[in-house]
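Chemist: This structure is in structure tokens; I'll ask about it shortly.
Any read-out appearing in this document is the output of simple, stated calculations on the displayed coordinates, not a laboratory observation. Here the structure is a predicted model, which means the values were calculated and not measured.
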Amino acid sequence: MDLGLTGGVVLVAGGSGYIGSEVAQQFVAEGARVIIAARDEQRMDAVAARLGGSVATRVMDTASDDSVSAAIDGIVAEYGRLDVAVLSAAPPAQTLDPAQANDPDAILHAIDVKAMGYLRVANAVLPVMTAAGHGRLVLIDGQTALFTGNMIGSIRNRVVLTISKTLADATAGTGVTVNCVHPATVTDNPSQSLTRGVAAEVTPAQVAAAVVFLSSVPAGAISGESIAVGHRTLGFMDS
């Protein structure tokens, strides 16, 4: 299947991370012009060198409106367009301190770092896409948005899910799609066994494959969706 991504301009915010770098690699394989953005320039340069192809880098701190605006303005000035933005710039769930799971300040910080960081980037890229009449925005979230257990992880991811659906509704009919991908536990060597009440494990490549498809031309009729990657928690029906 031709995904229609050849020559497209793709931003992967958090593209130097575990999932983000795999997403960037798969876009490169599709012939896209990829820009990875993150705070750590040295780490980005190392990932870009490994990926090769047409990968470029932009320093961007999603906690800063000015940093986000400067990065997006620079991309548009250089490339003249922005076709896809993937939001993956957030600390992984396993880095959240379980001892602070119910701490209001820790929860607010987690929301700001992930959900508000995503929103800052979305607010910067969506006007570019809607003006062009075409674009794809994919937010990488997590299945903890869909169940209880760790309040800090559940709440920050639920806010991301709310942002995604609200933005999808706001851009309906513009040629821009917005979708949210929910990986289960991401690991290089996922177990094939399933346990009731637990989401299946999944590889970064499997997450990236879903993201790339949702960013494609054939996926143009898919928007406002919340898509699990890795078998959704076994035994649960609610979305």
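Chemist: Between the stretch 102-133 and the stretch 52-87, what is the C-alpha centre distance in whole Å?
Modeler: Using only Cα atoms, the two centres lie 15 Å from each other.
Chemist: In addition: Rounded, prolate or oblate for the stretch 1-62? Axes are the square roots of the Cα gyration tensor eigenvalues, ordered a ≥ b ≥ c, and the cut-off for rounded is a/c under 1.5.
Modeler: prolate
Chemist: Rounded, prolate or oblate: pick one for the stretch 167-224, where a ≥ b ≥ c are the square roots of the eigenvalues of its C-alpha gyration tensor, a/c under 1.5 means rounded, and failing that, prolate if a/b is larger than b/c, else oblate. Don't skip to the answer; put the middle values down first.
Modeler: Details: a/c = 3.79, a/b = 2.24, b/c = 1.70.
Here the stretch 167-224 falls in the prolate category.
Chemist: Let me ask something additional. Which ³J(HN,Hα) values in Hz, rounded to whole numbers, follow from the phi angles of the stretch 215-228 under the Karplus curve 6.51 cos²θ - 1.76 cosθ + 1.60, where θ = phi - 60° and Gly and Pro get x?
Modeler: After applying 6.51 cos²θ - 1.76 cosθ + 1.60, I find 8, 8, 5, x, 8, x, 9, 9, 7, x, 9, 10, 10, 7 Hz.
Chemist: Looking only at ASN157, ASN102, ASN123, which one moves most when the chain is put into a Gaussian network model with springs between Cα atoms under 10 Å?
Modeler: ASN102
Chemist: Rounded to two decimal places and with Rh computed the Kirkwood way over Cα pairs, what is Rg over Rh for the stretch 9-229?
Modeler: Over the Cα atoms of the stretch 9-229, Rg/Rh equals 0.95.
Chemist: Scan the chain and note any complete DSSP helix (H) whose C-alpha atoms cover at least 20 Å along its axis and whose Kyte-Doolittle average is 0.0 or more.
Modeler: 65-79, 117-132, 151-170
Chemist: Would you compute, from DSSP H runs of 4+ residues alone, the mean residue ellipticity of the chain at 222 nm, taking -39500 (n - 2.57) per run and dividing by the full residue count, rounded to the nearest 500?
Modeler: -12000 deg cm²/dmol
Chemist: Starting from the alpha-carbon convex hull of the stretch 129-169, give the projected area averaged over all orientations, in nm².
Modeler: In nm², the orientation-averaged hull projection of the stretch 129-169 is 3.1.
Chemist: Taking the chain as a Gaussian network, where each spring joins two C-alpha atoms under 10 Å apart, which residue of ASP61, ASP141, ASP188 fluctuates the most?
Modeler: ASP188
Chemist: So if I take the centroid of the Cα atoms in the stretch 147-179 and the same for the stretch 201-225, what is the distance between those two points in Å?
Modeler: About 15 Å separates the Cα centre of the stretch 147-179 from the one of the stretch 201-225.
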